[in-house]
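One structure is given here, and the rest of the page talks about it.
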Amino acid sequence: MCGIVGFVGQKQAAPILLDGLSRLEYRGYDSAGIAVITPEHTIDLRKAEGRLKVLNDMTDGGNNVHGCIGIGHTRWATHGVPNSTNSHPHMSEGGKFAVIHNGIVENYIEIKDFLIKQGVHFQSETDTEVIAQLLEFYYNECHDFFESVGRVLRRIRGAYALGILCADCTDRIIAVRKDTPLLLGFGEGENYIASDVTALLPYTRDVVYMDDGEMAILTKDSVQIFDAMQQPIEKAHQHIDWDLSAAEKGGYPHFMLKEIFEQPDALRHAISPHLRDDRVVFDDMKLKPEQIKDFTRLVIVACGSSYHVGVLGKYTLERTLRRSVEVQLASEFRYCDPIVDDKTLVIFISQSGETLDTMEALKEAKKRGAYTLSIVNVVGSSIARGSDDVIYTWAGPEIAVATTKAYSTQLAVVNMLALVFGEVLGTIDPTEYAQTVSELKKLPEKMESVLSHHEDIQKYAAQHFNHNSVFFIGRNLDYALGLEGSLKLKEISYIHSEAYASGELKHGTISLMEEGTLVIALGTYGKLFEKAQSNIVEVKARGAEVLALTTESRREEMRKTVSTVLTIPDTVDMLLPNLGVVPLQLLAYYVALQRGCDIDKPRNLAKSVTVE
Ligand code: F6R
């Protein structure tokens with residue numbers, strides 16, 4: 001996610017803001033900016049695309065920006081391409097307010113339309129600018145900074161951590177948090193806000209983590225905190241004793257573990273912008289219902305884990321749309337003289353949006369006249385720009401090489417696509433639609449419950465990290481899930497592993513089963529549960545040691561076949577892999593930890609594969 005820093009005190013703010021932002025660079029960003037209230041009671045705004053160094057050079061390390069109160073931001077593009085206009089802080093048209101924001105304003109289009117009708121002119125393509133403009137709109141009515149913020153919060157929907165300056169109230173910053181992290185830092189005659197404690201470590205280790213719905217007013221001598229009803233509250237301070245490296249990882253030993261645990265929030269960000277009155281909508285999608293009805297072929301193209309999302313997508317989309325869906329590895333698609341034409345929809349899935357094979361496959365599909373829709377995490381990336389349509393996954397920057405939260409959010413987008421297309425084609429039963437939407441809403445919470453059992457998986461990994469070879473077996477959705485579980489394990493723990501469609505065991509692989517072979521048997525898909533059990537019996541008969549994964553309601557039934565059983569909460573079929581992947585990610589992580597592997601940077605691998 002983007003980074004937030006704010007300072008109010010007696011020293012010059014800009015150098016402190018730039019230093020704080022530099023400590024957030026590891027999170028990834030594409031532009032940066034600061035806003036400082038000058039001694040003349042105006043707001044001095046400086047923004048630059050690219051590295052922080054550009055902003056540093058522009059401001060002489062902050063020395064040519066004068067004032068003791070300010071806010072700073074590093075932006076990782078969401079709404080609008082990375083450039084200096086779209087970067088934060090955003091100002092209101094009359095120059096009264098400057099705002100920095102992490103998160104998403106879901107109803108920004110409606111608010112922007114409203115403000116344009118009131119004569120407001122917008123500068124950027126961002127959702128954040130509506131906050132600055134709306135603040136000024138309300139301030140012109142009530143002339144009260146705090147009240148204006150309250151009115152804005154009642155009007156906007158979404159997730160936000162905000163730092164706000166008002167040129168008429170030159171002694172304060174207002175900070176707000178909902179569903180996006182924000183903390184307050186306390187110093188002597190100075191106070192701070194930050195999205196991440198790393199930014200503040202050289203200045204203070206005395207902090208308060210804000211909770212959802214809370215607001216704070218910071219001056220150099222005081223910090224007042226308010227609850228969601230805007231009533232003053234007291235909160236206990238925490239002392240942070242992490243070193244810098246631990247702080248960057250939010251106290252987790254590795255980015256991968258942090259990102260695994262960030263998945264419920266990442267899902268909230270991926271799902272909530274598309275939920276409207278119990279329906280799934282893709283407001284920004286250009287694809288029209290008539291076009292969806294007209295496609296004769298549907299092809300999904302991707303690499304690695306994104307390809308595994310595509311394999312799950314094939315099962316889900318075929319079942320929901322009753323249409324044939326093909327899934328292809330991008331590196332194969334580009335050279336196979338693909339049969340695609342203007343009646344084909346090709347969906348490209350890519351976290352980075354820069355994977356060369358996927359990019360080349362996209363060009364190939366376009367050359368042949370196909371309609372191209374990409375599911376991408378990095379806004380403004382080559383694949384996003386090159387496609388006819390793009391749906392962003394809003395997972396935030398992923399730092400560990402092995403993907404986790406990007407995979408989960410891609411999968412959620414594919415699930416939502418199945419619902420949207422199914423509704424257009426009339427192939428999804430309304431009751432199933434309603435039940436799936438209701439389960440989509442519960443998905444982040446159910447994932448939190450899976451994560452809460454991480455210690456069971458850690459214990460299992462401590463006993464089983466020494467295998468040379470591991471098999472993941474399953475059918476249908478469980479097979480596709482096994483592909484990802486197997487890839488996670490091999491890429492970070494260096495254990496050889498294979499994912500097999502259980503029905504294929506007898507056609508070859510079963511000859512590899514011997515005393516002690518480790519088999520991870522995936523049996524979450526209820527319709528094929530008995531078949532999953534039969535395959536477990538088969539491999540156990542050859543001496544395999546089995547760890548089974550199923551749903552809570554089938555735990556006891558599974559226990560009749562296997563003694564070691566992990567479970568996930570029950571949900572609709574389509575969403576089972578979204579939960580099932582979490583124990584597999586954790587297993588890979590804890591096995592790799594036991595083996596002393598370099599988890600965040602596995603050997604020979606790069607985060608973004610921009611070569612063939
Ligand atoms: C595995 C992993 C890779 C990527 C693949 C595609 O953990 O991260 O397999 O999924 O390199 O990358 P993107 O999605 O960026 O196109």
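The values are calculated or read from the model by the stated rules, or taken from the named source; none is laboratory data. Just so it is clear, the model here is predicted, and its values are computed rather than measured. Ideal geometry is used to build each Cβ from the backbone, glycine not excepted, and the neighbour counts take in all protein chains shown. Calculation scope for accessible area: heavy atoms of the full protein, side chains included, ligands and nucleic acids excluded. Shrake-Rupley method; radii C 1.70, N 1.55, O 1.52, S 1.80 Å.
With both labels modelled 7 Å from their Cα along Cα-to-Cβ, the ASN107 to SER563 distance reads 5.7 nm. Expressed as a whole percent, the accessible surface of the range 51-92 that belongs to carbon and sulfur atoms is 53, based on a 1.4 Å probe.
Using a Förster distance of 60 angstrom, determine the FRET efficiency expected from the C-beta separation of GLN231 and THR610, and round it to 0.05. FRET efficiency, GLN231 to THR610: 0.70.
Extension gain, ILE339 to ALA246, is 28.5 nm, computed as 0.36 nm per intervening residue step minus the present C-alpha separation. Under 14 Å of direct C-alpha separation, and excluding same-chain neighbours fewer than eight residues apart, LYS47 reaches these aspartates and glutamates: ASP30, ASP57, ASP60. With 26 Å as the limit on Cα-Cα distance, the pairs of LYS314/LYS442; LYS293/LYS527; LYS405/LYS442 that go past it are LYS293/LYS527.
DSSP beta bridges fully contained in the chain are about 60 percent antiparallel. With the cut-off at 1.5 for a/c, could you classify the chain from its C-alpha gyration tensor as rounded, prolate or oblate? Note, shape of the chain comes out prolate. Site pair PHE282 and ASP598 shows an inter-label distance of 3.8 nm when each label is modelled 7 Å from Cα along Cα→Cβ.
Extension gain for VAL81-GLU504 works out to 147.7 nm (0.36 nm per residue, less the C-alpha to C-alpha distance).
The angle between the Cα long axis of helix 108-117 and the main principal axis of the chain comes to about 40°, on a 0 to 90 degree scale. Restricting the trypsin sites (Lys or Arg not before Pro) of the range 567-612 to loop positions (DSSP other than H, G, I, E, B) with no more than 14 neighbouring Cβ atoms within 10 Å leaves ARG603.
For the chain, the longest principal axis of the Cα atoms and the long axis of helix 145-155 meet at an angle of about 30 degrees. At a probe radius of 1.4 angstrom, the accessible area of the chain per residue rounds to 38 square angstrom. Measuring r between the beta carbons of ARG542 and ARG322 and using R0 = 45 Å, the FRET efficiency lands at 0.70.
Mean residue ellipticity at 222 nm, helices only, the chain: -11500 deg cm²/dmol; runs of at least 4 DSSP H residues each add -39,500 (n - 2.57), and the sum is divided by the number of residues. The separation of the range 272-318 from the range 359-415, counted between C-alpha centres, amounts to 11 Å. Please identify the chymotrypsin sites (Phe, Trp or Tyr not before Pro) of the range 172-253 that satisfy two criteria: DSSP loop assignment and at most 10 other Cβ atoms within 10 Å. Which are they? Sparse-neighbourhood loop chymotrypsin sites (Phe, Trp or Tyr not before Pro): none present. Computed in the context of the full set of protein chains, the accessible area of the range 312-360 at 1.4 Å probe radius has 47% of its extent on carbon or sulfur. Here the chain is assigned +1 on the Cβ of each Lys and Arg and -1 on the Cβ of each Asp and Glu. Its dipole about the Cα centre then comes out at about 1160 debye. Potential lengthening of the chain between ASN468 and THR42 amounts to 146.8 nm, from the contour at 0.36 nm per residue minus the alpha-carbon distance.
Using the Cβ of GLN351 as centre and a radius below 12 Å, the other residues enclosed give a net charge of -1, where K and R count +1 and D and E count -1.
Applying a threshold of 32 Å to the alpha-carbon distances of LYS178/LYS607; LYS459/LYS601; LYS112/LYS601; LYS117/LYS343; LYS178/LYS366; LYS220/LYS446 flags LYS112/LYS601; LYS117/LYS343; LYS178/LYS366; LYS220/LYS446 as lying beyond it. By the Stokes-Einstein formula, at 0.890 mPa s and 25 °C, the range 451-570 with its Kirkwood radius over alpha-carbon pairs has D equal to 173 µm²/s.
Could you work out how far helix 477-493 tilts from the main Cα principal axis of the chain, as a 0 to 90 degree angle to the nearest 10? The answer is roughly 70 degrees.
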